[in-house]
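Everything on this sheet refers to the single structure shown next.
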Amino acid sequence: MKVIFLGTPDFAVSVLNAILHSEHEVVAVVTQPDRMNARGNKVIFSPVKEVALKENISLYQFEKISRDGLETLQAIDADIMVTAAYGQILSNEVLNMKKYGVINAHASLLPKYRGSSPVQWALINGEKEIGVTAMQTAYEVDSGAIINQMKIVLNGDENAEECLDALAKLGGESIVKALDDIEKGVATFTEQDHTQATHCRKLTKEDGKIDFNDTANNIVNKIRAFTPWPSAYCNTRFGRIKIIKAFVIEGEFTGANGEVLVAHKSTLTIKCASGAIGIQILQAENSRAMDVQAFLNGKSIQVGEIFE
């Protein structure tokens, strides 16, 4: 089939590449407009744009697709549109423009975790498995009929970046299978049980602040979910420290929540409301990420200090 692909970040690149290596033809790519970097001195292309330019695929960038892209997209000879983390809501005019409509790769096992940051929220909530859903796109966000789903069982150690990398590959497989089945006329479209739907909001940098009045298990899940962005952090006498990797230490400990229980060689243990966390990798302000032994060699953390 002839495909118009809509996507923006790295997750979408894996889906796009899977289609490019399939029997289907990507006739056009749509991605978000270029942005300036934080300093305002450099134009940033989306990862999807970089692929489109490299592969010499017709490329379009609409500030608002449902306002600016209707005539352009209507004129393109295509059978279907595929979206993956595109970043804009599509109007009904766009959704119904092509013969087979629009299908989407969403990084959750719908109907759970509709909306943005589904992987991060799945990790925050301690889910044992994650997955990707190929779905028919409907106007209400992530509410369309399910075409197929693919799952990954977690070992409990993965962070959000690792999960997204794995799901991006799975998303490509899922979408190609959906395209194959639609073309053959064997695709199934199963309506979601909307009563089981959960929704997740977009994360902010402020969400990354660690509260040691929480349980060790919840804090470690948060660290996993917020690595690499927006990062999980706490404040110390050395300034803000990002905690990149940690593990749960079961047991009952005396002292204040956030208190340093052990700071020796390769061990840095912080008390939580229930249990404690053992920090493995962390990053001080204006420094690189390092293992805890290297960090303690350079910073004299004392037992009894409070991280907050």
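The values are calculated or read from the model by the stated rules, or taken from the named source; none is laboratory data. The model shown is predicted, which means the values in this text are computed figures rather than measured ones. With ideal geometry, Cβ positions are generated from the backbone for all residues, glycine too; neighbour counts draw on all protein chains shown.
Kindly evaluate residue 271 against the criterion of being within 27 Å of the chain's Cα centre (by Cα), surrounded by 20 or more Cβ atoms within 10 Å (Cβ to Cβ) and without any contact (Cβ under 8 Å) to a residue 60 or more places away in the chain.
Criteria not met by residue 271.
Just to be sure I understand, how many residues within the stretch 148-166 are in a strand (DSSP E or B) and touching a Ser or Thr at 6+ places or on another chain (Cβ under 7 Å)? Full working, then the answer.
In the first step, residues of the stretch 148-166 are kept if they are in a strand (DSSP E or B); the result is 148-153.
Right, trim to touching a Ser or Thr at 6+ places or on another chain (Cβ under 7 Å) and you get 148-150.
Count: 3.
Residue under question is residue 187, and the condition is that it be outside any loop (DSSP other than H, G, I, E, B), buried (at least 19 other Cβ atoms within 10 Å of the Cβ) and modelled with pLDDT of 95 or more; does it hold? Quick ask: steps written out before the conclusion?
Values: outside any loop (DSSP other than H, G, I, E, B): no; buried (at least 19 other Cβ atoms within 10 Å of the Cβ): yes; modelled with pLDDT of 95 or more: yes.
Taking the combined requirement at face value, the residue does not satisfy it.
Quick one: in the stretch 249-268, of everything that is of a type in the set (Gly, Ala, Ser) and touching a helix residue (DSSP H, G or I) at 6+ places or on another chain (Cβ under 9 Å), which residue is surrounded by the most Cβ atoms within 10 Å (Cβ to Cβ)? Spell out how you get there, then give the answer.
So the first thing to find is which residues in the stretch 249-268 are of a type in the set (Gly, Ala, Ser), and the list is 251, 255-256, 258, 263, 266.
Narrowing further to those that are touching a helix residue (DSSP H, G or I) at 6+ places or on another chain (Cβ under 9 Å): 263, 266.
Numbers: 263: 20, 266: 13.
Among those that are of a type in the set (Gly, Ala, Ser) and touching a helix residue (DSSP H, G or I) at 6+ places or on another chain (Cβ under 9 Å), it is 263.
So, in the stretch 67-92, how many residues would count as being under 13 Å from residue 28 (Cα atoms), in contact with a Ser or Thr (Cβ under 9 Å, 6 or more places away or on another chain) and part of a loop (DSSP other than H, G, I, E, B)?
Result for the stretch 67-92: 1.
Just checking, which of 246, 276 is closer than 20 Å to residue 225 by Cβ, surrounded by 15 or more Cβ atoms within 10 Å (Cβ to Cβ), small (Gly, Ala, Ser) and under 25 Å from the mean Cα position of the chain (by Cα)? Step through it out loud before you land on a result.
Details: 276 fails: under 25 Å from the mean Cα position of the chain (by Cα).
Of 246, 276, the one residue that is closer than 20 Å to residue 225 by Cβ, surrounded by 15 or more Cβ atoms within 10 Å (Cβ to Cβ), small (Gly, Ala, Ser) and under 25 Å from the mean Cα position of the chain (by Cα) is 246.
Outside the structural domain of residue 124 (by TED's automatic domain parsing), more than 21 Å from residue 161 (Cα to Cα) and within 29 Å of the chain's Cα centre (by Cα), is that true of residue 225?
Details: outside the structural domain of residue 124 (by TED's automatic domain parsing): yes; more than 21 Å from residue 161 (Cα to Cα): no; within 29 Å of the chain's Cα centre (by Cα): yes.
Here the answer is no, as residue 225 does not meet what is asked.
When the residues of the stretch 42-66 are filtered to those that are in a helix (DSSP H, G or I) and of a type in the set (D, E, K, R), which remaining residue is surrounded by the fewest Cβ atoms within 10 Å (Cβ to Cβ)?
Step one: filter the stretch 42-66 for residues in a helix (DSSP H, G or I), giving 47-55, 65-66.
Next cut, of a type in the set (D, E, K, R) only: 49-50, 54-55.
Details: 49: 20, 50: 12, 54: 8, 55: 13.
Only one residue fits best here, namely 54.
Among the residues of the stretch 102-144, what is the count of those that are within 20 Å of residue 7 (Cα to Cα), among the aromatic types (Phe, Trp, Tyr) and either in the same structural domain as residue 225 (by TED's automatic domain parsing) or buried (at least 21 other Cβ atoms within 10 Å of the Cβ) (or both)? First the steps, then the outcome.
So in the stretch 102-144, the residues within 20 Å of residue 7 (Cα to Cα) come out as 102-110, 113-120, 131-144.
Checking the rest, the ones that are also among the aromatic types (Phe, Trp, Tyr) come to 113, 139.
With either in the same structural domain as residue 225 (by TED's automatic domain parsing) or buried (at least 21 other Cβ atoms within 10 Å of the Cβ) (or both) added as a condition, the list becomes 113.
Qualifying residue count, the stretch 102-144: 1.
Restricting to the stretch 69-100, count the residues that are in contact with a strand residue (DSSP E or B) (Cβ under 9 Å, 6 or more places away or on another chain) and either at negative phi or not assigned by TED's automatic domain parsing to the domain that holds residue 49 (or both).
Pass one, the stretch 69-100, residues in contact with a strand residue (DSSP E or B) (Cβ under 9 Å, 6 or more places away or on another chain): 69, 72-73, 76-88, 90, 94-100.
Filter once more, so that each one left must be either at negative phi or not assigned by TED's automatic domain parsing to the domain that holds residue 49 (or both): 69, 72-73, 76-84, 86, 88, 90, 94-100.
So the answer is 22.
How many residues does the stretch 190-216 hold that are touching a residue at least 60 places away in the same chain (Cβ under 8 Å), touching a strand residue (DSSP E or B) at 6+ places or on another chain (Cβ under 6 Å) and surrounded by fewer than 15 Cβ atoms within 10 Å (Cβ to Cβ)?
Number of matching residues: 1.
Among what's in the stretch 279-308 and is of a type in the set (A, V, I, L, M) and crowded, with 17+ Cβ neighbours inside 10 Å, pick the residue that is nearest to residue 241 (Cα to Cα).
Looking at residues that are of a type in the set (A, V, I, L, M) and crowded, with 17+ Cβ neighbours inside 10 Å, I get 284.
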